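Below is one structure; the comments refer to it alone.
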Amino acid sequence: MEEKLTQLRQEINYHLYRYHTLDDPIISDAEYDQMMKQLRELEVQYPDLVTVDSPTQRVGAEPLESFEKVTHPLSMTSLANAFDDEEVRHWLGRVERLLPDGMTVEDLEFVVEPKIDGLAVALTYQDGILVRGATRGNGVVGENVTANVRTIKNIPLRIPVSADAPPPPTRLEVRGEIYMPIAEFNRFNQQQLDMGEKIFANPRNAAAGSLRQLDSKITANRPLALFGYAIGYVEGAEIPTQLAALEYLRQLGFPINPDITHTKDFAAVLDFIHHWMEGRDSLRYDADGAVIKLNDIKLQQLLGVAGNSPRWAIAYKFQAREATTKLLEIKCNVGRTGQVTPYANLEAVNIGGVTVRQATLHNFADLVKKDIRAGDTVIVKRAGDVIPQVVKPILELRPPDSQPYQPPTVCPDCHEPLTHFEDEVALVCINTACPAQLVRQIEYFVSRSAMNIDGFGIKIGEQLAKAGLLKNVADIYALTREQLLKVEGFGDKKADKLLAAIENSKSQPLEKVLTALGIHDVGSAIATLITHEFSSVEALQKATHDDLEKVEGIGPHIADSIVAWFSHLPNQQLIEKLRQAGLTLAVVGLTTAKNKESLPLAKLIFVITGTLPTWSREQAKAFIEQHGGKVTETVSKKTNYLLAGEKAGSKLSKAQSLGIPIIDESKLQEIVAGKLGN
Ligand code: IVH
């Protein structure tokens, strides 16, 4: 039995390694669970045979009163920081002066590693078994967190013995960083929010807070991971370089950061760092800098330590992406579908080189839950292109007279009452005449997935709304040539082109019109579903909540939203105007032969090839057919146009040899809009 258990554990540990360290599992989760179940059952039957390195022992132990202090046999130094290239060059200059005679900078090799933003640990292995995990503490004395470290799935409890790897050393201290991967951090915080629990400001705090739990069962449920980056000491192996240390640890089964590089060229060191600095948002973990290390360990020893940090390494710190500042006021934005979202006006603060004055507050539920208030000092985070966000208030700094925030009851722009749909966090202004929504509605209405009015961008929408020519989307169909010519930037040609595109949009099918209305929660997929059940806007208008809910794919929220939209008087007036303008408000049966002939692409045969810039093949085909054209697969003499995108192949050469006109997406739209004629 003992043998069987050992084998089962080895197998499970191997799969844990494949999953958590290599990120390359070879069995399904279900198979893994099955093996764990078997092991657990056997261990219940044979409790004497349970070992410390059994994967069942990763679930956490009895809670502690306090952490035991441990003295590190070799102190854990910190790193000196550099904040720009100049300071790194300065460091290199000092290294150069300390080199032995005859050696120059040219002889150096560097290892460059992302500086993981987590917390440092020292893991002690005795004859291959993890016997202690300790935090760095002050570098000399740390805390014994063995029970917690044992719950982290990519940390080996026992170094596996394998023919392809070096034998486990008698004694080994691995140093590395415990961190929480960003995706896991986001998931974990969301889960905390959902349960009304406190959230962590960043992955570093999450990792530190999770590892320093007196109850290791809590740690066991936190998605922590390790990257090994150094050997404290090792008995039974000779390690000449940092690179060899990383490789040795990797062979023993420790997770090593794959983003580490090695070079002799100092210019390349700086290039790597700049590259990471810019690309830090694409890393799976938070890095707050890069660490440059001399590769040669003898050289490291020769240079030694100054104060608390080694002379042979330096941390190039990235600019912080978080800052604290004062929240001046909480305001609201009204989006296209009337969704009202809160944002914060802040006292200007520099975050990672960018001045931030505003940040999102996500939604009212989140804002109320975190109890963020005007006047609070708050933590603001900015990551890459993401909109800056208020993470949380610093309660200790809250002014005594501060008041909890009250979400609005009326729209901040049109002052109509806001609607709160059941089970949804958002507050919604359902008044389509709301000026704040107008420009965004126009933008959406004319977009490709809706009425597809070519050449009608957001700028034109803003201009026309500002000129008072558009008070709602239906006004688009009342625009005249004379009106357009008075708008800045419009000449004869541009005005005619836009009017033709507007005219053309009237033949957009019902599902596009429904999409264009911008009813909360009714996007193109739902709009299409609706047209299968309700063949006209009139029918939809008459539908009750129950009628709507009967449709497969439409739940109570969407049903609510549709009913609310149609019951609003200005919306009814909008529909009437669109009807008068001649839009398709009912499912059109088979287009009659006569109608078909008058369509812009009537009698034209198209072949599509290559990747189009914005359409899929299906979309392009639908567009052509909608306008009376036909799409075939092969190029022949009968083909009128080849619609070609990028990476077009043999169809393109065939069309060229047959002298068939080759057009792109925008040319096709021009043809339909009547600019080129056909
Ligand atoms: S080497 C003597 N490498 O940075 C060298 N440290 O301020 C000691 N860190 O406490 C550290 N990633 O928590 C090293 N690739 C890396 C690192 C790293 C993160 C942290 C570690 C240490 C701190 C130094």
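Each value in this text was obtained by applying a stated rule to the coordinates, not by laboratory testing. This structure is a prediction, so every number in the text was calculated from the model and none was measured. Cβ sites come from the backbone with ideal geometry, for glycine too, and all protein chains shown count toward neighbours.
A few comments on the model shown:
- Take the Cα radius of gyration of region 598-638 and divide it by 2.2 N^0.38 Å, N being the number of residues; the result is 1.15.
- Estimated inter-spin distance, Val410 and Ala306, nm [label 7 Å along Cα→Cβ]: 6.7 nm
- Considering only Leu74, Leu92, Val111, and ranking their Cα positions along the charge dipole of region 65-117 that arises from unit charges at the beta-carbon of Lys, Arg, Asp and Glu, the one farthest toward the positive end is Leu74.
- Gained length - Asp215 relative to Val50, 0.36 nm times residue gap less alpha-carbon distance: 57.3 nm
- Pair-distance profile P(r), taking every C-alpha pair of region 166-209, with 5 angstrom steps and integer %: 5, 20, 21, 15, 8, 7, 9, 7, 5, 2
- Simple label model, 7 Å out from Cα along Cβ direction - Ile129 to Lys542, nm: 8.0 nm
- Entry note, region 265-315: relative contact order of 29 percent, from Cα contacts under 8 Å with a spacing of 6+ residues.
- Quotient of the Cα radius of gyration of region 550-678 and 2.2 N^0.38 Å, N being its number of residues: 1.41.
- Charge dipole magnitude, Cβ of K and R +1, D and E -1 - region 252-368, Cα centre, debye nearest 20: 100 debye
- Global form of region 505-550, assessed from the alpha-carbon gyration tensor, a/c cut-off 1.5: prolate
- Which of Cys429, Cys411, Cys434 has the fewest Cβ neighbours within 10 Å, and the rest in rising order: Cys434, Cys411, Cys429
- Chain lengthening between Val161 and Ile27 when straightened (0.36 nm per residue, less Cα-Cα): 46.1 nm
- q = 0.07, 0.08, 0.09 Å⁻¹, the chain: log10 I(q)/I(0) [Debye, one scatterer per Cα]: -0.73, -0.89, -1.02
- Each residue, Lys298 and Glu3, gets one label point 7 Å from its Cα in the Cβ direction; the gap between the two is 4.8 nm.
- Short-range pairs are left out: with C-alpha atoms under 8 Å and at least six residues apart, the relative contact order of the chain is 9 percent.
- Normalising by residue count, region 455-578 has a Cα convex hull of 104 Å³ per residue.
- Computed FRET value (nearest 0.05) for Lys369 with Lys493, which takes r as the C-beta separation and R₀ as 56 Å: 0.55
- Using Cβ point charges alone (K and R +1, D and E -1), the dipole size of region 308-411 about the Cα centre works out to roughly 320 debye.
- Around the amide H of Lys392, modelled in the peptide plane, lie the amide H atoms of Ile379, all under 5 Å away and 5 or more residues distant in sequence or on another chain.
- Cut-off under 5 Å, modelled amide H: who pairs with Thr241 long-range: Ile297
- Kirkwood hydrodynamic radius over Cα pairs of region 369-490, then Stokes diffusion coefficient at 25 °C and 0.890 mPa s, in µm²/s: 135 µm²/s
- Too-long pairs where the Cα-Cα distance tops 18 Å, listed order kept, from Lys459/Lys494; Lys497/Lys577; Lys326/Lys370: Lys497/Lys577
- Each 10 Å bin from zero holds the following percent of Cα-Cα pairs in region 20-150: 9, 23, 26, 22, 12, 7, 1.
- Rg/Rh ratio calculated on Cα atoms of region 621-678 (Kirkwood radius): 0.94
- Cα-based radius of gyration for region 1-88, normalised by 2.2 N^0.38 Å, reads 1.68.
- With the charge dipole of the chain set up from +1 on Lys and Arg Cβ and -1 on Asp and Glu Cβ about the Cα centre, the Cα lying farthest toward the positive end among the listed residues Val140, Asn350, Leu484 is that of Leu484.
- Residue among Pro240, Tyr229, Phe188 farthest towards the positive dipole end of region 188-252, charges placed on Cβ: Phe188
- Across all C-alpha atoms in region 290-390, the radius of gyration and Dmax reach 20.9, 67 Å.
- Cα gyration tensor shape for region 125-189, rounded if a/c is under 1.5, else prolate or oblate: oblate
- Point-charge dipole on Cβ atoms (K/R +1, D/E -1) for the chain, about Cα centre, debye to 20: 1960 debye
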